[in-house]
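Below is one structure; the comments refer to it alone.
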Amino acid sequence: QVQLVESGGGLVQAGGSLRLSCAASGRTFSGYAMGWFRQAPGKEREFVAVISRSGGGTSYADSVKGRFTISRDNTKNTVYLQMNSLKPEDTAVYYCAAKYSGSTYRIDEYENWGQGTQVTVSS
C-alpha cells in the first residue's frame, strides 16, 4: 500500500487561498491516480478533484471548478490542491486518497487514505 500524509490546512478568510500537499511513500506513486475529498461537519465525504497517474488528466467537482487546481509531481511523490477564492462552504477536513491505475470519481474505489487536514474559511 501507499502511505499518504496531508498538510497545509489552516484558517483563512473568505476569498483567500491555501495550498494543500499530500506526500506519498511506500509504493510506486506514479502507478496511482490521486484524488482529493472533503468532509464537512454533518455531511458525507465528497469528491473534490482527481488527477491521473501521469498528471495529464484532471477532473473537479462543480462546486470547486475554476477555483481549485489539482497537480502532482511524481519526482517528489506529492500531490497538491491549490485552493483559491475560498468560501465558507469550503470548510471541511480535506483528505487525499490513492487508487491504483485509472482515475475515478467514486469514493469507494480509493484504496488508501491520508489522515486529513482541516480547512476553515471564515466570513
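Within the stretch 22-37, can one find any residue that is part of a loop (DSSP other than H, G, I, E, B) and touching a Phe, Trp or Tyr at 6+ places or on another chain (Cβ under 6 Å)? Among the residues of the stretch 22-37, not one is part of a loop (DSSP other than H, G, I, E, B) and touching a Phe, Trp or Tyr at 6+ places or on another chain (Cβ under 6 Å), which makes the answer no. Checked against the criterion of being open to solvent by less than 30 Å² (accessible area, probe 1.4 Å), β-branched (V, I, T) and either touching a residue at least 40 places away in the same chain (Cβ under 8 Å) or out of contact with any strand residue (DSSP E or B) (no Cβ under 8 Å at 6 or more places or on another chain) (or both), the candidates V5, V12, V64 yield just one match: V12.
Whenever a residue of the stretch 38-59 is in contact (Cβ under 8 Å) with a residue 12 or more places away in the chain and closer than 19 Å to M83 by Cα, it has no partner that is β-branched (V, I, T) and surrounded by fewer than 10 Cβ atoms within 10 Å (Cβ to Cβ) lying with C-beta atoms less than 8 angstrom away and at least six residues away or across chains.
Looking at the structure I just gave you, is Y94 closer than 16 Å to E44 by Cα and either in contact with a Leu (Cβ under 7 Å, 6 or more places away or on another chain) or of a type in the set (A, V, I, L, M) (or both)?
yes
Of the numbered criteria (1) of a type in the set (V, I, T); (2) open to solvent by less than 10 Å² (accessible area, probe 1.4 Å); (3) at pLDDT below 95, the one V48 fails is (3). Residues in the stretch 15-25 that are under 11 Å from N84 (Cα atoms) and open to solvent by 50 Å² or more (accessible area, probe 1.4 Å): G15, S17, R19.
Considering the stretch 62-123, there are no qualifying strands (runs of 3 or more DSSP E) wholly inside with 3 or more residues that are of a type in the set (A, V, I, L, M) and touching a Gly at 6+ places or on another chain (Cβ under 6 Å).
The values are calculated or read from the model by the stated rules, or taken from the named source; none is laboratory data. All values derive from a computational prediction rather than experimental measurement. Counting neighbours? That spans all protein chains shown, and the Cβs are built from the backbone with ideal geometry, glycine included. Please note that ligands, DNA and RNA were not included when accessible areas were found on the heavy atoms of the full protein model with its side chains. Shrake-Rupley method; radii C 1.70, N 1.55, O 1.52, S 1.80 Å.
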